[in-house]
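The values are calculated or read from the model by the stated rules, or taken from the named source; none is laboratory data. As the structure is a prediction and not an experimental result, all values here were calculated from the model. Cβ placement follows ideal geometry from the backbone for every residue including glycine, while neighbour counts extend to all protein chains displayed.
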Ligand code: AMP
């Protein structure tokens, strides 16, 4: 799956290193292996806040480096923790689900983390087997996630971080009821990160409902 254009550097901050953002050693090694020399603006702004445990609204298009902006600090948080499902990333489409899952795998390559992609249009059983074996991170489209929750293939009792990626697209695709059902199964004391290219009133309402004192990180025009 081709991965779009280069990150947008129009509003680059004074040059900053990934190490200065507070990421740990094994994540920094993965960043180096990926060939990234410096954080993009959204990464420079979002990563320290996410590492602090803040809720975030990231208004950023694809191509800004937004995936790494949430994936790197999330992987950082999982390192050395117990093997439990601690992170759920919801994405609108199967394609994005696969891309985000690849990013997580890539940035977790020096950490021992298990990741399961969960999307529709393919048999349920292999995903069920992966989930039941125990994973640290689930990357899912909302409809298929509900199927697995109904079968109790995974429980979110220990979930620490919820990421809503491309929230505007998820709402456009009519996933609001599924998102609500999924979030109802996640402990309220969690970190929630919402990324969206646009901020229509529906996305603002979603953010108001699920985020706590979010910091808004915005790249490009609103
Ligand atoms: P995204 O906005 O998440 O779709 O990312 C766009 C592309 O930028 C992906 O191919 C990433 O691998 C790449 N990328 C992300 N962060 C950086 C960085 N700091 N330096 C160079 N490329 C990056």
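Among the residues of segment 143-185, what is the count of those that are within 25 Å of residue 200 (Cα to Cα), assigned to a loop (DSSP other than H, G, I, E, B) and touching a helix residue (DSSP H, G or I) at 6+ places or on another chain (Cβ under 6 Å)? Total meeting the criteria: 1.
Of the residues 41, 123, 92, the single one that is out of contact with any strand residue (DSSP E or B) (no Cβ under 8 Å at 6 or more places or on another chain) and within 13 Å of the ligand (Cβ to nearest atom) is 41.
For residue 79, the conditions (1) surrounded by 16 or more Cβ atoms within 10 Å (Cβ to Cβ); (2) more than 14 Å from residue 30 (Cα to Cα); (3) away from the ligand (no atom under 16 Å from the Cβ) all hold with the exception of (2). Being outside any strand (DSSP E or B) and buried (at least 16 other Cβ atoms within 10 Å of the Cβ) is the filter; apply it to segment 121-142 and report the residue that is farthest from the chain's Cα centre (by Cα). Of everything passing the filter in segment 121-142, 128 is farthest from the chain's Cα centre (by Cα).
Scanning segment 82-103 for residues that are buried (at least 20 other Cβ atoms within 10 Å of the Cβ) and in contact (Cβ under 8 Å) with a residue 60 or more places away in the chain yields 85, 86, 87, 88, 89, 90, 91, 92, 96, 99, 100.
Of the residues making up segment 11-33, at least one is modelled with pLDDT of 95 or more and near the ligand (Cβ under 9 Å from one of its atoms). Against the list (1) under 11 Å from residue 88 (Cβ atoms); (2) part of a loop (DSSP other than H, G, I, E, B), the condition residue 199 fails is (1). State all residues of segment 183-204 that are touching a strand residue (DSSP E or B) at 6+ places or on another chain (Cβ under 7 Å) and in contact (Cβ under 8 Å) with a residue 60 or more places away in the chain; if no residue qualifies, say none. Answer for segment 183-204, where residues must be touching a strand residue (DSSP E or B) at 6+ places or on another chain (Cβ under 7 Å) and in contact (Cβ under 8 Å) with a residue 60 or more places away in the chain: 186, 191, 192, 193, 194, 195, 196, 199. Contact annotation: residue pairs with Cβ atoms under 9 Å, 6 or more positions apart or on different chains, pairing a residue in segment 27-53 that is free of Cβ contacts under 8 Å to residues at least 60 places away in the same chain with a partner that is in a helix (DSSP H, G or I) and more than 14 Å from the ligand (Cβ to nearest atom), are 47/76; 51/76; 51/77.
When residues in segment 55-85 are screened for being in contact with a strand residue (DSSP E or B) (Cβ under 7 Å, 6 or more places away or on another chain), part of a helix (DSSP H, G or I) and modelled with pLDDT of 95 or more, 4 of them pass. For residue 49, the conditions (1) more than 10 Å from the ligand (Cβ to nearest atom); (2) not in a helix (DSSP H, G or I) are fulfilled apart from (2). If you go through segment 53-72 and pick out every residue that is within 13 Å of the ligand (Cβ to nearest atom) and in contact with a helix residue (DSSP H, G or I) (Cβ under 7 Å, 6 or more places away or on another chain), you end up with 11.
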